[in-house]
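For reference, the structure is listed below as structure tokens.
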Amino acid sequence: MSEECLICKAPLVYLEEDKLMECAICRKKENSKTSCENGHYVCNECHTKGLSDILSLCLNTKSKNPFEIIDKMMSMSFCHMHGPEHHIMVGASLLTAYKNAGGRLDLKKALDEMFRRGKAVPGGACGFWGACGAGISTGMFISIVTGATPLAEKSWGLSNQMTARALSRIGQIGGPRCCKRDSYIAILSAIEFTNKKLGVKMESHKITCKRFSKNNQCIKSRCPFYKEK
């Protein structure tokens, strides 16, 4: 059970109200509801440092399977058990698999846009906003590939339908959050939706979680990906 506070590994604490926090890494001050029991706070930017390394992975893989792609991302040194990096990784893995499966897309441009949008969703959105960032990331994916805007008709509807489907599945499992579980559920929802609505068939495979031992709040048998060793 090694992953809680990035500084001291102590359990995280979620406050009822925002408090001015100083990032223990970059010393930036901002309001947040999250710190560890010892008072350490790490801002979203520091939490996702190194995330740009996934660009090379996405641009050089031929995989049509977003599960395969995101699993490689999750094994990279920048990725933690939980964190806002997943809000970008889900959409990036889907964009990459979509392109490789025959979807028409300028992948580099799409990934750059995914980074900009995904970074706007803070850590803890699942609990504080009632909308998991992994689920929101699938809506961003559909929005990017269909060119949706607030004034669009069909693409606007598809983007919101996608987010709703992913969030519904994530919510049905219940909490506490697990960024790995929620990412897998979101991607599975997007694979099915993209095939049905856009006619692009990405590949998939059965997921068995290999990281549950790092999650202090693992729900075990309630998780569809849990298999005790």
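The values are calculated or read from the model by the stated rules, or taken from the named source; none is laboratory data. Computed from a predicted model, the values in this text were never measured in an experiment. Cβ atoms come from the backbone with ideal geometry, glycine included; neighbour counts cover every protein chain shown. Surface accessibility is based on the protein's heavy atoms, side chains included, excluding ligands, DNA and RNA. Shrake-Rupley method; radii C 1.70, N 1.55, O 1.52, S 1.80 Å.
Quick notes on this one:
- Computed over protein heavy atoms with a 1.4 angstrom probe, the accessible surface ordering of T96, T146, largest first, is T146, T96.
- The listed residues L151, L105, L198, once ranked by accessible area (1.4 Å probe) with the largest placed first, stand as L151, L198, L105.
- With the simple model of a label 7 Å out from the Cα in the direction of the Cβ, S52 to K9 spans 3.1 nm.
- The magnitude of the dipole of the range 1-157, with charges of +1 and -1 set on the Cβ of Lys/Arg and Asp/Glu and taken from the Cα centre, is near 600 debye.
- Figure note: E45, E85 ranked by solvent-accessible area, largest first, 1.4 Å probe, ligands and nucleic acids not counted: E45, E85.
- Förster radius 25 Å - calculated FRET efficiency between A152 and A120 (Cβ-Cβ, nearest 0.05): 0.80
- Over 23 Å between alpha carbons, listed pairs K33/K109; K19/K119; K99/K197; K49/K220: K33/K109; K49/K220
- Relative contact order of the chain, defined on C-alpha pairs under 8 angstrom at six or more residues apart (%): 18
- H80 - accessible surface, heavy atoms, 1.4 Å probe, Å² rounded to 10: 40
- Correct choice for Cα extents along the principal axes in Å that was computed from the model, options (1) 43, 42, 41; (2) 48, 36, 32; (3) 50, 43, 33: (3)
- Packing-based ranking of 178-184, 61-67, 14-20 yields 178-184, 61-67, 14-20, ordered from highest to lowest mean Cβ neighbour count within 10 Å.
- W129 contributes an accessible area of around 150 Å² to the protein surface, as traced by a 1.4 Å probe with all chains present.
- In nm, spacing of pseudo-spin labels at K108 and N160 (7 Å Cα→C-beta vector): 3.5
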